[in-house]
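Right, one structure below, let's go through it.
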Amino acid sequence: MERSSALIGSIFLLISISCLINPILAAAPGTGEGYSIAGRVKLDNFVIQGFGHSPKLSEIKVILNGGQRTTFVRPDGYFSFHDVPAGTHLIEVSSIGYLFSPVRVDISARNPGKIQAALTENSRALNELVLEPMKDEQYYEIREPFSMLSLVKSPMGLMIGFMVLVMFVFPKMMDGVDPEEMRQAQEQMREHGIPSISNLVAGRS
Amino acid sequence: MEARCLLGFLLLLSLSSFAFAIYEDQVGLADWHKRYIGKVKHAVFHTQKTGRRRVVVSTEENAIASLDLRTGDILWRHVLGKNDAVDQIGLSLGKFVLTLSSQGSVLRAWNLPDGQMVWETDLQISNPSNSFLHVLGNVKSGRDSLSLVCNGGSIRAVSSIDGLVVWKKDLSVDGLKLKHVFQPPESDTIYAIGFIDSSQIALYHINAKTGELLKHATQASSVDLSSEISAISSDSLVALDSSRSNLLLIKFMAGTITYHKLPLSDIVQDFSGLAELIPTKSNDIFVVKTPSSVAFIKVKGDNELELIGKADEAGIVSDSLTLSEEEQAFAVVHHSNNAISFQVRINGREALTDGIKIEDHRGHVKRVFLNNYVRTDKSHGFRALIVMEDESLLLMQQGEVVWSREDGLASISDAVVAELPVEREGGVSVVEVEHTLLEWLKGHMLKLKGTLMLSTPDDMAAIQAMHLKSTERNKMTRDHNGFRKLIIVLTRSGKVYALHTGDGRIVWAHLLTPLLQSESCPSPSVLTLRNWRVPHRKALQENPSILLVGRCGAGPESHGFLFIVDSYSGKELETQILDHSIAEVVPLPLADSSEQKLHLVIDNKLNAHLYPRGSDSLEVFIREMANMYYYKVENAKGVIKGYAFKKGCSTGSSAYCFGTRELWSVVFPSDSERIVATARRKINEVVHTQAKIMTNQDVMYKYISKNILFVATVSPKATGGIGSAAPDEAWLVAYLIDTVTGRILHRVIHQGAQGPVHAVVSENWVVYHYFNLRAHRYEMTVIEIYDQSRADNKDVMKLVLGKHNLTAPITSYSRPEIATKSQSYFFTHSVKAIAVTTTARGITSKQILIGTIGDQVLVLDKRYLDPRRTANPSQEEKEEGIIPLTDTLPIIPQSYVTHSRQVGDLRGIMSFPANLESTTHVFSYGIDLFYTRIAPSRTYDSLTDEFSYVLLLITVVVLIVAILVTWAMSQKKDLQEKWR
């Protein structure tokens, strides 16, 4: 891709001279009265982040008015539509890997030579028809690198964690309790008929 | 209650992350993507000595592509706009592909190795007509070469380097149509020959470097000239007259034109009918194709013609291929039964004849493109690209088909889903479907060879392919989850394919035209296909079958036919040539005793014919006839009419023919509204619950009716594309109409909006996409309809205890009060197609599938299109899953189901349920096909592929160990305590 820094996108407005051959037909609406829209798609500031699809300029399409016309960009990023009637038009850029905002282009009928462009997504006016992506698009989830934390956080990790807690912390807690009090508490429990865990296990043996 | 709990659970689940997202390494696990190019209409070979051999083709789908000549793979492909049909392609400077498109007004150059567009020139042609491109070989102004584009009476010379118009010559003669341009070798003069009003022959000499007109001559001709001409040498050409039975030999020596008329029957005996000239390049030989033969004719002396070769059967003839100064080769292809004879004729003499067997389902040869290569012994070898009737593309070389491409699949017009056969006990009986017994034995032999390490590499590949086929995903049997199904598609050429959802392979394919063609049905064309029999309970032993409906002729009056095929094998079961026309096929929600679905075929006299014809189907229908209605949208008139059926029809007295009675009509005023879109619910959609519980324990009842029709109309000025109407003269009116009573349930006007409108109706809501001219952005609106008549029945407790009128059917006979809720949002992209996910029981939340302008399929959760969204939802609403209102619908890149793939020229999206409630199949088609499975609320009813069984196992082991350890420890402790 040619990356000459002097290239600045600009809007050309040309009254096409296509009415030379057959003046009768040129009077028909739509022919001979058109304007040209020219612009540039610029990806320079966007470097794709390593993975996914590496986009090529050759795969970018520029679409006028939702499919009325389709054109492709040249190696330097320029594109143009010819013989476009005056009015308000919509230009969309179809590209894998980037999100482009559609562009509203007004061609004034009363004031030939006046053309305005604005991004429809954020209504930012464009001085020149240079279309840059709003952001790049990652189509895939990024796989988290393996970490102990994610393992611990998973339901099974939690179960193991709880188990470990029961195994090592509970006996310690029991140890901290005064044996006399413990026995009292156990007896109390037995009276109330609430089986303790240790009893349950012991009862089986 | 159960449902509510489940729904709440689902919501919680789906809130936690995007409903659709895959990791990059999961690509291809559940999805497949197939790329096609369409029916080839031009081909240019690029076979230089070194480097990759390729062929550049342009197709009827407006695609241009470069194919690897060895494998048939697509090296690069571009799909031009839908109004940008390619007229001609050419190669220039050995590195550029030139395409002339849009009736000769746009010339583009593409870099041959990578397909990057190099330049594009708008030729500003005021009167687009048949144009042609001529790449000049030997004009070297600098290192450039020129390409000439002739259109009517003007010639433009375009530089191949940068696409600038070097010169332009307007011959300004009324009625002039240039027919041929050529340049004698080593000359700077271009000769342009044309006809003026098909009665005069004109010759122009033009300087190739400047475009200056050097000389011109005209000659009135007494015969009417037809459009075809063929140049045979540098100073003569051959034309046919308008009766297509006389040859005209035109000579232009020294600026004068002479012509001779020669009846074709003098040269070709037994000639009759209309002849056709095949374009050739000089060398005094030309080819005439007549209905019964192909004649090779040589010009001898001044005005004599000699027949030098004749192929007795009419075949398809390729363009001429220049082998050397003296030698011209043509390929003539005949078709007989299931083989084709491929003949190469050099200077009219037979040089090579090959007979090649071709599968039955490919039909006849439609086009052939010839190319040669030089063998090591300096002789010529030939290869040919053949386009078949089913639009597939074959490369033929040395009497064999080297590769074939199923490019018919690029033009799918309709699709249905069918089940695969049930796996029987014992497993072996599956063979019936999969292979014949012999193949099965062969497969086992292969496997045996593999285990005994006796297999050759070819055998290994075969074994691998077999493994691939028999893996869980690609089996030819039904699975428990309903992931394996057959997608049956109909293509424009009238071929039916069954595709396996596992890997997209073709299970069977049939070209219907030759099967249907008969005296009573001269030119069959298939319109649509439907499920004819979907056996479940009663007729499980019967195979499911598919109904194909079509017409026997071109006009809407021509007779229809029904064609029923077995969906397992594609075998023809039944053909019926109908004695009436076909306007529409209405599938009914009824089936006869053998599970054949009832269909009504409406003819163009508005009579309804019932199929299948059987006494029990008639009985079933007559019982339900009073509840059957039909509506018809007449786009041109702006009228929608509703009909009921009555016994006895206006034509004939068949018991299966029913008349219709008009019940209602909705007439849209033609001066202010034009119908642009209609949409209705899928008839087989399942809705799980009619009630929707609000945060404040209120119950809203969905108005779920199968008879809702969404109609969108726009103002007449706004029917054109975007950019043609001003905001104040455009409006869009959306209607919801009950198709039984004709009652307009809801009507809303969007001022300053216009089409194109894409809409989808599901459950009690409709979502539609249109263009807002005021904001100059696309918008999507959702309308939800609720039944107000049950609104007082608000007690959730009653609902829980079952004391509600929820089971009361919604009927169009009553006129319930309805309420609608609506909200609009901006949407970034243009939309090509829209659909909604469908699941087996309708419990899973819905997602909307949007085919964007970039040929991707985006899923959008229905929760984003919820009219209850507010800017600041309360805590309760947040808990319920209401998303704060934003003016734009979000586009999350991870929710493209097509991920980094594109479905070129996307036309349709189809969603069909799997047996697993959480999962739905998505199939989208355009020039490409893309299939995947998605789970709109994640796979809550099965473990994902991501699930780590190892971790589960470890956990179980650890738990057991822990139990044992604690048990041992406690026992030890007990013992200690007892000793104390």
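Points to keep in mind about this one:
- Applying the criterion of being in a strand (DSSP E or B), farther than 20 Å from B:Lys637 by Cβ and of a type in the set (Val, Ile, Thr) to the residues of region B:690-736, the residue that is farthest from the other protein chains (Cβ to nearest Cβ) is B:Val699.
- Subset of region B:653-692 that is more than 29 Å from B:His769 (Cβ to Cβ) and out of contact with any His (no Cβ under 9 Å at 6 or more places or on another chain) - its residue that is surrounded by the most Cβ atoms within 10 Å (Cβ to Cβ): B:Thr660
- Which numbered condition B:Thr932 fails, given (1) assigned to a loop (DSSP other than H, G, I, E, B); (2) within 14 Å of chain A (Cβ to nearest Cβ); (3) at negative phi: (1)
- When we screen B:Gly175, B:Gly152 for residues that are on the phi > 0 side of the Ramachandran plot, within 14 Å of chain A (Cβ to nearest Cβ), surrounded by fewer than 19 Cβ atoms within 10 Å (Cβ to Cβ) and in contact (Cβ under 8 Å) with a residue 12 or more places away in the chain, the only hit is B:Gly175.
- Checked against the criteria, A:Phe72 counts as at the interface with chain B (Cβ under 7 Å from one of its Cβ atoms) and among the aromatic types (Phe, Trp, Tyr).
- For B:Val903: the one exception among (1) at pLDDT below 90; (2) surrounded by 13 or more Cβ atoms within 10 Å (Cβ to Cβ): (1)
- Criterion violated by B:His776 - all others in (1) at pLDDT 90 or above; (2) surrounded by 20 or more Cβ atoms within 10 Å (Cβ to Cβ) satisfied: (1)
- Region B:13-62, residues that are more than 30 Å from B:Leu860 (Cα to Cα), at pLDDT 90 or above and either over 27 Å from the mean Cα position of the chain (by Cα) or within 13 Å of another protein chain (Cβ to nearest Cβ) (or both): B:Asn62
- Looking only at region A:84-100, and only at residues there that are in a strand (DSSP E or B), surrounded by 20 or more Cβ atoms within 10 Å (Cβ to Cβ) and within 7 Å of chain B (Cβ to nearest Cβ), the one that is farthest from the chain's Cα centre (by Cα): A:His89
- Residues that are touching a residue at least 60 places away in the same chain (Cβ under 8 Å) and more than 9 Å from every other protein chain (Cβ to nearest Cβ) were ranked within region A:115-137; the one that is farthest from A:Leu57 (Cα to Cα) is A:Ile115.
- Lone unmet requirement of (1) away from chain A (no Cβ under 14 Å); (2) among the hydrophobic types (A, V, I, L, M, F, W, C); (3) closer than 30 Å to A:Phe170 by Cβ for B:Val965: (1)
- Failed condition for B:Gln754, given (1) within 12 Å of chain A (Cβ to nearest Cβ); (2) assigned to a loop (DSSP other than H, G, I, E, B); (3) in contact with a helix residue (DSSP H, G or I) (Cβ under 9 Å, 6 or more places away or on another chain): (2)
- For region B:582-595, a residue qualifies if it is over 26 Å from the mean Cα position of the chain (by Cα) and part of a strand (DSSP E or B), and the qualifying residues are B:Leu588, B:Pro589, B:Leu590, B:Ala591.
- If you go through region B:845-886 and keep only what is acidic (Asp, Glu), within 34 Å of the chain's Cα centre (by Cα) and either surrounded by fewer than 18 Cβ atoms within 10 Å (Cβ to Cβ) or farther than 19 Å from B:Arg938 by Cα (or both), you end up with B:Asp855, B:Asp866.
Here's the yes/no breakdown for (1) in contact with a strand residue (DSSP E or B) (Cβ under 7 Å, 6 or more places away or on another chain); (2) surrounded by 17 or more Cβ atoms within 10 Å (Cβ to Cβ); (3) β-branched (Val, Ile, Thr):
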{"position": "B:Ala498", "(1), (2), (3)": "yes, yes, no"}
{"position": "B:Ile506", "(1), (2), (3)": "yes, no, yes"}
{"position": "B:Leu516", "(1), (2), (3)": "yes, yes, no"}
{"position": "B:Cys521", "(1), (2), (3)": "yes, yes, no"}
{"position": "B:Gln541", "(1), (2), (3)": "no, no, no"}
{"position": "B:Ser545", "(1), (2), (3)": "yes, yes, no"}
{"position": "B:Gly555", "(1), (2), (3)": "no, no, no"}
{"position": "B:Val565", "(1), (2), (3)": "yes, yes, yes"}
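- Scan of region B:90-106 for residues that are more than 12 Å from chain A (Cβ to nearest Cβ) and surrounded by 21 or more Cβ atoms within 10 Å (Cβ to Cβ), ordered by number: B:Ser92, B:Phe96, B:Val97, B:Leu98, B:Leu100, B:Gly104
- Flag if B:His78 is within 14 Å of another protein chain (Cβ to nearest Cβ), outside any loop (DSSP other than H, G, I, E, B) and touching a residue at least 12 places away in the same chain (Cβ under 8 Å): yes
- Cβ-Cβ distances below 7 Å connect the following pairs, each with a first residue in region B:762-783 that is free of Cβ contacts under 8 Å to residues at least 24 places away in the same chain and within 14 Å of another protein chain (Cβ to nearest Cβ), a second residue that is polar (S, T, N, Q) and in a strand (DSSP E or B), and a separation of six or more residues or different chains: B:His776/A:Thr88.
- Test: residue in region B:903-919 that is more than 27 Å from B:Lys82 (Cα to Cα), more than 14 Å from every other protein chain (Cβ to nearest Cβ) and among the β-branched types (Val, Ile, Thr): yes
- Among the residues here, B:Arg367 qualifies as assigned to a strand (DSSP E or B), closer than 29 Å to B:Asn246 by Cα and in contact (Cβ under 8 Å) with a residue 60 or more places away in the chain.
- Residues in region B:112-136 that are within 8 Å of chain A (Cβ to nearest Cβ) and part of a strand (DSSP E or B): B:Met117, B:Val118, B:Trp119, B:Glu120, B:Asp122.
- Complete set of residues in region B:854-867 that are in a loop (DSSP other than H, G, I, E, B) and touching a residue at least 60 places away in the same chain (Cβ under 8 Å): B:Asp855, B:Asp866, B:Pro867
- Taken over region B:335-365, the criterion of being within 22 Å of B:Trp508 (Cα to Cα) and either of a type in the set (A, V, I, L, M, F, W, C) or in contact with a strand residue (DSSP E or B) (Cβ under 7 Å, 6 or more places away or on another chain) (or both) is satisfied by B:Asn338, B:Ala339, B:Ile340, B:Ile356, B:Lys357, B:Ile358, B:His361, B:Arg362, B:Gly363, B:His364, B:Val365.
The values are calculated or read from the model by the stated rules, or taken from the named source; none is laboratory data. All values derive from a computational prediction rather than experimental measurement. Cβ sites come from the backbone with ideal geometry, for glycine too, and all protein chains shown count toward neighbours.
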